[in-house]
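Novice: Below: one structure in C-alpha cells.
Quick note: the coordinates plus some simple rules give every number you see, no bench work behind them. All of these numbers come straight from a predicted model, not from anything done at the bench. Methodologically, a virtual Cβ is constructed for each residue, glycine included, from the backbone with ideal geometry; neighbour enumeration extends over all protein chains shown.
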Amino acid sequence: MKYLYLGLIVGGMILAAPLMADAGQSGQKQPRHTFESCDQNKDGFLSREEFLGCWPKGAKKFDAVDKDGNGRISKQDIQKYRAERKAARQAAGATKSHNGSSKGHSTTGTSTSTSDGE
C-alpha cells in the first residue's frame with residue numbers, strides 16, 4: 001500500500017513539473033499570455049480576433065468584458081470586469097453567510113463551512 005502512495009506522489013510530481021517550469025522566480029505561475037503579447041497591432045486594445053488568438057475558447061468572456069459592444073477591450077475594461085466579478089463573489093458570500101446557508105451544520109449548534117475553490 002505504501003508503494004501505491006509513493007507512486008502517486010512521484011507521478012504527481014512528474015505531472016506538475018511542466019507547470020512549475022512556467023513559474024517565475026517568485027514561485028508563482030506566470031500567465032501564458034499578457035495583454036501586450038496578444039495586442040498584435042499595439043493599439044492598446046484587444047480586438048475579438050486578437051483575444052481569440054490567445055484564448056480560443058474565450059468568446060463568451062470577450063463578450064462579457066466588452067460591455068459597450070464596440071468589438072474591442074482595453075486594460076481598463078478588463079480591470080473593471082474583474083472588480084465587478086470580485087464584488088459579485090463577495091456579495092454572494094455575504095448573502096450566504098447572512099442567510100445561514102453554510103454547509104455542514106452539526107447538532108451542537110456550530111457549523112463548518114467548505115470552500116468552493118474561489
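Novice: Obtain the nm distance between the two label points defined at D68 and Y81 by a simple spin-label model: each point lies 7 Å from its Cα along the Cα-to-C-beta direction.
Specialist: 1.5 nm
Novice: Moving to a separate point now. Could you work out the local net charge near G44, counting Lys and Arg as +1, Asp and Glu as -1, over the other residues with Cβ closer than 13 Å to its Cβ?
Specialist: -2
Novice: Can you compute 3J(HN,Hα) from phi for each residue in the stretch 73-81, using the Karplus curve 6.51 cos²θ - 1.76 cosθ + 1.60 with θ = phi - 60°, rounded to whole Hz and x for Gly and Pro?
Specialist: 10, 9, 4, 5, 4, 5, 4, 5, 4
Novice: Based on the Cβ-Cβ distance of A91 and Q40, what FRET efficiency does E = 1/(1 + (r/R0)^6) give at R0 = 22 Å, to the nearest 0.05?
Specialist: 0.05
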